[in-house]
1. At what distance in angstrom do the alpha carbon centres of the range 138-196 and the range 331-389 lie from each other?
2. Can you tell me the alpha carbon radius of gyration of the range 133-260 divided by the globular rule-of-thumb value 2.2 N^0.38 Å?
3. If packing is taken as the average count of other Cβ atoms within 10 Å, what order do 128-134, 202-208, 90-96 fall into, highest mean first?
4. Scaled to the compact-protein estimate 2.2 N^0.38 Å, what is the alpha-carbon radius of gyration of the range 203-349, rounded to two decimal places?
5. Calculate the tail of P(r) for the range 54-170: the fraction of all Cα-Cα distances greater than 16 Å, expressed in %.
């Protein structure tokens with residue numbers, strides 16, 4: 001065999017093995033890429049399937065009865081505790097303060113009344129820049145001034161204010177054709193027909209059997225609105241049946257039954273604060289078929305929150321004698337009485353016997369935690385909250 005033949009044979013073998021090696025390397029590379037791609041996606045799927053739910057932590061030392069017994073332990077108000085069973089998004093809820101460091105919650109709730117006790121916490125204690133610190137209250141700011149000393153920066157708010165990030169109001173009204181789609185399954189509507197979603201409020205019947213008097217339950221006898229003094233003067237012109245710590249009258253009948261027996265309810269608030277319209281107007285009055293006589297924010301504010309033509313604002317009258325004259329007209333004229341209940345035809349009321357029945361508010365918060373990733377913080381929280389006079 002000549003040298004030329006040997007060299008050609010060697011070249012041929014090199015080419016053959018080069019192609020084979022290249023094919024093997026190329027195949028190995030493709031296989032590796034596919035393997036890494038699949039493993040990467042499987043890890044993602046595995047991570048997502050095992051990933052814990054977003055945790056909402058109520059940061060409380062459980063000194064407050066409201067947080068301890070009504071929210072965390074669920075030993076009052078029918079044993080209710082927060083859950084997300086009927087919420088389209090799912091979260092966890094905890095009152096276990098150790099979870100702050102152990103689990104890095106998605107949201108930290110600070111309940112207003114808890115600020116009377118020291119948190120020993122500052123903004124530097126945040127465990128994640130994505131964490132939402134939330135101020136929660138359904139009381140007027142004058143009732144929890146201690147929060148200003150905490151110097152905490154809040155990202156969201158959950159209060160009665162209509163411009164809160166999560167609105168925790170005392171009630172609202174909706175069109176009747178929306179009633180089957182709402183999540184407010186815990187709300188009370190004593191005049192809702194279960195058959196056709198219409199109002200069962202019978203104007204003539206209510207007009208005939210209800211007392212031509214004002215009903216008032218009150219326990220705080222010294223308020224900034226001076227409601228007790230105003231009520232005492234109103235009594236000179238129109239009869240008020242007053243119950244509670246500020247009165248000598250004691251409840252002999254069932255509380256709920258009393259609410260159904262009067263044409264008027266004195267829904268006087270204890271503070272003049274924007275949007276601060278409480279259960280006095282919603283639950284004690286409108287839900288039980290009486291007309292609220294209101295004192296609190298201005299009349300325009302009430303118009304934005306209560307059903308149309310459903311209330312009598314004290315500022316509509318020059319003096320209490322004029323107010324009493326109007327109440328006389330309403331009491332003795334069925335057409336005028338009907339005017340204040342006309343809203344029941346087109347709207348229905350959503351209100352709650354106790355604001356501790358809060359699943360829907362926490363559902364709103366849970367949904368927002370999932371959907372709203374926009375950075376936000378209140379630069380001057382005190383100025384935002386203290387819209388009071």
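1. If we compute the Cα centre of each part, the gap is 4 Å.
2. Details: Rg = 19.8 Å, N = 128, 2.2 N^0.38 = 13.9 Å.
So the range 133-260 has a normalised radius of gyration of 1.43.
3. Working: 128-134: 16.0, 202-208: 13.7, 90-96: 17.7.
Final packing ranking: 90-96, 128-134, 202-208.
4. Details: Rg = 14.3 Å, N = 147, 2.2 N^0.38 = 14.7 Å.
Rg over 2.2 N^0.38 Å, computed on Cα atoms: 0.97.
5. Working: 4288 of 6786 pairs.
Summing the P(r) tail past 16 Å for the range 54-170 gives 63 percent.
All of the numbers you see were taken from the coordinates with simple rules; none came from a lab. In this text, all values refer to a predicted model and were calculated from it rather than measured experimentally. Using ideal geometry, Cβ is built from the backbone for each residue, glycine included, and neighbour counts are taken over all protein chains shown.
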